[in-house]
Amino acid sequence: MIDAGSSPRPLVATCSRGLEEVLADELRALGAADVAPGRGVVGFSGGLEAVYSANLRLRTAARVVVPLASGRVADRDQLYGLASTVPWQDMLVRGQTIAVEVAGRSPAFANTVFAAQVVKDAVVDRVRDRQGWRPSVDRGAPDLAIHLHLSDRLTAIGLDSTGEVLAHRGYRPRGGPAPLSESLAAGVLLLAGYDGTEPLLDPLCGTGTIAVEAALIATRTAPGVRRRFACERWTGHDAGLLAELRRAADGERRDAPAPIVARDRDQRAVEAAVRNLEAAGMSRWVAVERRDALDLELPWGSGGLIVGNPPYGKRLGETEQLGGFYERLGDQLKQRAADATAWLLVGNRELANRIGLRAARRIPLFNGPIECRLLKYELYRGSRKPSQSS
Ligand SMILES: C[S@@+](CC[C@H](N)C(=O)[O-])C[C@H]1O[C@@H](n2cnc3c(N)ncnc32)[C@H](O)[C@@H]1O
């Protein structure tokens, strides 16, 4: 079990695909050792303090997991065998509860609920055999959250230190229509090189996810300081150390050094953005305005960053209609955003082409299951053409 006295051990931060490098940079900036990006994960090493710091401070990670066992698993018995190698009895005290969450996919387990049950059985059997009691399952608030990662190659079992994914910063009620995930919004900003020192406009702000993340970055606010983590229920949890790290993170906060502006043409979106910024304690740093993106204007004159995620229609008719909007948005960027750099997260390739500007970069990112492109446009004053680089 990982506790304050234990020596550094391998850890893993998970993320959505496309964010591995930016998450690796975040981990390096935290001083993490042995940072190694993989596919949807970044390995690093450390002890309990590293686990706490990662949960408190990482903007682009989904979870921080302590790997416990991994191997090739082709059927139920092999998965049970792998899970049985872990000394679960050392991580639980009598009466504590468990839950198994599953990520990834494996042809051996089309039914992931079944795979979770197999691991649960192995945990219960091992604790019963060694300690004479049976942990029960509590999916809502388990004392030990067990993470099972299935893949067609290595299957991994670990302890989830995070609980509810890190994208849930704790300021926004969950449920309702899903906007952009907070960790993806932060990833987009970090990929755009945003550090709070340049003025920023999101002309299509919706519920304000990008604006909130920008304000958190600009004010150097650790995104996890307002929420709790699964590791706070571990038997080795050090409440004093976590409180100290929360205080230290709080002490690093600063005023946002440059303007942040969030706009949408829809009044309900504007209201939602205002609500979310207030709930996140960030409203002081963001000006929210109702304005059409097709009447683009940079409040600071020229330069700065434009970051946004335009609507992409799900139905054919909508996509066709939106084509004209993308064309006009491209024209606005070219004509009215002199010397700015624009980054647009677009979920539809056909619509992206309608922007009509040459993208200086195209970064593949996943917004849930939707494969998107983050497109960079370097905008130049006057008649100069946008960058021709690939
Ligand atoms: C994909 S959503 C943005 C979601 C946002 N990133 C969030 O986290 O909630 C696109 C937004 O663009 C807005 N929008 C569409 N056309 C617009 C226009 N012409 N001017 C300004 N906003 C517009 C919509 O109202 C919607 O809120």
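Just so it is clear, none of the values below were taken in a lab; they were calculated from the coordinates. Note that the structure is predicted; figures quoted are calculated from it, not measured. Reconstructed Cβ throughout: ideal geometry from the backbone, glycine too, with neighbour counts over all protein chains shown.
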| task | Would you mind giving the average projected area, over all directions, of the Cα convex hull of the chain in nm² with one decimal? | result | 20.0
| note | Along segment 127-142, Karplus-curve 3J(HN,Hα) (6.51, -1.76, 1.60; θ = phi - 60°) to the nearest Hz, with x for Gly and Pro, reads 5, 5, 5, 8, 10, x, 9, 10, x, 9, 8, 9, 5, x, 9, x
| message | Could you tell me the relative contact order of segment 9-160? Use alpha-carbon pairs under 8 Å, at least six residues apart, and round to a whole percent. | response | 25
| message | Whole-Hz ³J(HN,Hα) for each residue in segment 2-17, computed from phi via Karplus 6.51 cos²θ - 1.76 cosθ + 1.60 with θ = phi - 60°, x for glycine and proline: what do you get? | response | 7, 9, 4, x, 6, 6, x, 9, x, 10, 9, 10, 9, 7, 7, 5
| message | Amide H of R361 versus every other amide H placed in the peptide plane: which residues, excluding those fewer than 5 positions away on the same chain, fall under 5 Å? | response | K376
| Which value, in debye to the nearest 20, describes the size of the charge dipole of segment 238-390 about its Cα centre when Lys and Arg Cβ atoms bear +1, Asp and Glu Cβ atoms bear -1, and nothing else is charged? | 500
| query | Under the Karplus relation 6.51 cos²θ - 1.76 cosθ + 1.60, θ = phi - 60°, what is the ordered set of whole-Hz ³J(HN,Hα) values for segment 47-57, x standing for Gly and Pro? | reply | x, 4, 4, 5, 4, 5, 4, 4, 5, 5, 10
| message | I'd like the antiparallel share, as a percent to the nearest 5, of DSSP beta bridges with both residues in segment 9-160. | response | 70
| Which far-off residues, 5 or more places away or on another chain, put their amide H under 5 Å from the one on V41, with H placed in the peptide plane? | C15
| request: Just add up the charged neighbours of F366: K/R +1, D/E -1, any other residue whose Cβ is under 15 Å from the Cβ of F366. | output: +2
| field | Lys/Arg +1, Asp/Glu -1 at C-beta; segment 9-160 dipole; positive extreme among T112, V102, S70 | value | T112
| Cα-based equivalent ellipsoid, segment 135-238: semi-axes from gyration tensor eigenvalues, Å | 31, 16, 15
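Hey, got the dipole for the chain? About the Cα centre, +1 on K and R Cβ, -1 on D and E Cβ, debye to the nearest 20? Present the calculation step by step, with values, prior to reporting the outcome.
On the way: 52 positive and 46 negative charges, 94 e Å.
About 460 debye.
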